[in-house]
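Read the structure below first, then the notes.
The values are calculated or read from the model by the stated rules, or taken from the named source; none is laboratory data. Source: prediction; values computed, not measured. Quick reminder, even Gly has a Cβ in these numbers, built from the backbone with ideal geometry, and neighbours come from all protein chains shown.
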Ligand code: CS2
Ligand code: MG
């Protein structure tokens, strides 16, 4: 069996998605997600110009060898564009292998370790009444674990808070020719957030698992203060307290708080976690299959983390396509050290482009029993949605200085 064709599909049903379609000479078709939010066309070029020519004629079953060929063969290591491109190839090859085996992918990863993947949904509000409505809406949809994001008095737009509560595919602030600029004030946020969690616990009781995403905005000592201040509210996790490029900085945070920590959505290789995992500075690894080199690399990450009782929390925003989502769900079902799965449902238009077998019910996701990944691309539907440039917002402090968004 040989790879006969590889095609990059760009579509934009509400937001941009990059998909690699690999076809074998036997006519088996596999899909991989290579979407990198705000920098999509860089991955398209990396794939079309540098990777696709290397794939034609290769044995699609040699997944590990192809991964190493693309990783080591580039000479230049890691980086989000490279790793998203490698992920797209890797996932498409796993899709092909599982289809040839006639099995859903999770069976090739060791079979099911659980009946479903516990998921968390996003709730947000500019103020408490809006936030409570949003939490109730998620509970009504079947979510049993909730990420809570809140507006901060005196600040306008804040990461994770939407005016309409429709956190589906649309880029968070619509499409703009240049990034939207938000204003950020860390002390105001630190003063306000504990009161939000106190109110949510008073309203919804002690049992509901609650999460929060600080989105890389704090210094290590601020992160320590926040973790400590939130301890009474028993969070499932506190996410991305610092940018974590400086892994050692997490030692300071860890010394000061028992609030569980999750990090990793902007990492793209196992080595990015080396200190965090070896020194047990976090509790959950957050990479997406799409951004960290595919199923092959994620399996190695989870196995390494498992040695230290660190669990998975795969990144699942809507900028991961249903193809990337499905790849994550097969891992969730198979690995032993599963923690939780982030789940933001995609829009109906996106689901039309990507027919999929995975399901969500009563708080749990399941990848389905279709051989392979269980997701395809309807190319006719995809062609109706042309690529549109779009950027993530940027953040400035009150004095105008750039800050992490
Ligand atoms: C996030 C994302 O889901 C999350 O936890 O932090 O929403 C993130 O902002 C986007 O994936 C950026 O593209
Ligand atoms: Mg996050």
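Going residue by residue through the range 167-174, is there one that turns out to be at pLDDT below 90, more than 16 Å from ligand 2 (Cβ to nearest atom), within 19 Å of the chain's Cα centre (by Cα) and buried (at least 18 other Cβ atoms within 10 Å of the Cβ)?
Checked the range 167-174: at least one residue is at pLDDT below 90, more than 16 Å from ligand 2 (Cβ to nearest atom), within 19 Å of the chain's Cα centre (by Cα) and buried (at least 18 other Cβ atoms within 10 Å of the Cβ).
Do we find a residue being without any contact (Cβ under 8 Å) to a residue 40 or more places away in the chain and in contact with a strand residue (DSSP E or B) (Cβ under 6 Å, 6 or more places away or on another chain) anywhere in the range 212-221?
Scanning the range 212-221, I find no residue that is without any contact (Cβ under 8 Å) to a residue 40 or more places away in the chain and in contact with a strand residue (DSSP E or B) (Cβ under 6 Å, 6 or more places away or on another chain), so the answer is no.
Would you point out the residue of the range 25-40, among those that are surrounded by fewer than 21 Cβ atoms within 10 Å (Cβ to Cβ) and touching a strand residue (DSSP E or B) at 6+ places or on another chain (Cβ under 8 Å), that is farthest from residue 355 (Cα to Cα)?
Only one residue fits best here, namely 25.
Filter the range 295-315 for residues that are touching a residue at least 40 places away in the same chain (Cβ under 8 Å) and more than 16 Å from ligand 1 (Cβ to nearest atom); which is surrounded by the fewest Cβ atoms within 10 Å (Cβ to Cβ)?
Filtering the range 295-315 for residues that are touching a residue at least 40 places away in the same chain (Cβ under 8 Å) and more than 16 Å from ligand 1 (Cβ to nearest atom), the one surrounded by the fewest Cβ atoms within 10 Å (Cβ to Cβ) comes out as 299.
Residue by residue through the range 89-102, note down the ones that are more than 11 Å from residue 295 (Cα to Cα) and either buried (at least 17 other Cβ atoms within 10 Å of the Cβ) or modelled with pLDDT under 95 (or both).
Passing the criteria: 96, 97, 98, 99, 100.
Give me a count of the residues in the range 194-225 that are over 17 Å from residue 134 (Cα atoms), touching a helix residue (DSSP H, G or I) at 6+ places or on another chain (Cβ under 8 Å) and within 16 Å of ligand 1 (Cβ to nearest atom).
Total satisfying the criteria: 4.
Of all residues in the range 236-248 being more than 14 Å from ligand 2 (Cβ to nearest atom) and surrounded by fewer than 20 Cβ atoms within 10 Å (Cβ to Cβ), which is farthest from the chain's Cα centre (by Cα)?
Out of the qualifying residues, it is 248.
Only one of these is assigned to a strand (DSSP E or B) and either in the same structural domain as residue 126 (by TED's automatic domain parsing) or modelled with pLDDT of 95 or more (or both): 155, 211, 193. Name it.
The unique qualifying residue is 211.
Mind listing whichever residues of the range 55-77 are surrounded by 16 or more Cβ atoms within 10 Å (Cβ to Cβ) and in a helix (DSSP H, G or I)?
Result: 55, 63, 66, 67, 69, 70, 71.
When the residues of the range 2-24 are narrowed to those that are in a strand (DSSP E or B) and within 16 Å of ligand 1 (Cβ to nearest atom), which ends up surrounded by the most Cβ atoms within 10 Å (Cβ to Cβ)? Show your work before the answer.
From the range 2-24, those in a strand (DSSP E or B) are 3-11, 17-24; that's our starting set.
Those still in the list that are within 16 Å of ligand 1 (Cβ to nearest atom) too: 17-18.
Details: 17: 31, 18: 28.
Ranking the qualifying residues of the range 2-24, first place goes to 17.
Only one of (1) within 13 Å of ligand 2 (Cβ to nearest atom); (2) free of Cβ contacts under 8 Å to residues at least 40 places away in the same chain fails for residue 318. Which number is that?
(2)
Is it the case that some residue within the range 133-142 is at pLDDT 95 or above, surrounded by 13 or more Cβ atoms within 10 Å (Cβ to Cβ) and outside any helix (DSSP H, G or I)?
Yes, that holds for at least one residue.
Scanning the range 321-338 for residues that are touching a helix residue (DSSP H, G or I) at 6+ places or on another chain (Cβ under 7 Å) and farther than 15 Å from residue 354 by Cα, which turns out surrounded by the fewest Cβ atoms within 10 Å (Cβ to Cβ)?
Among them, the one singled out is 336.
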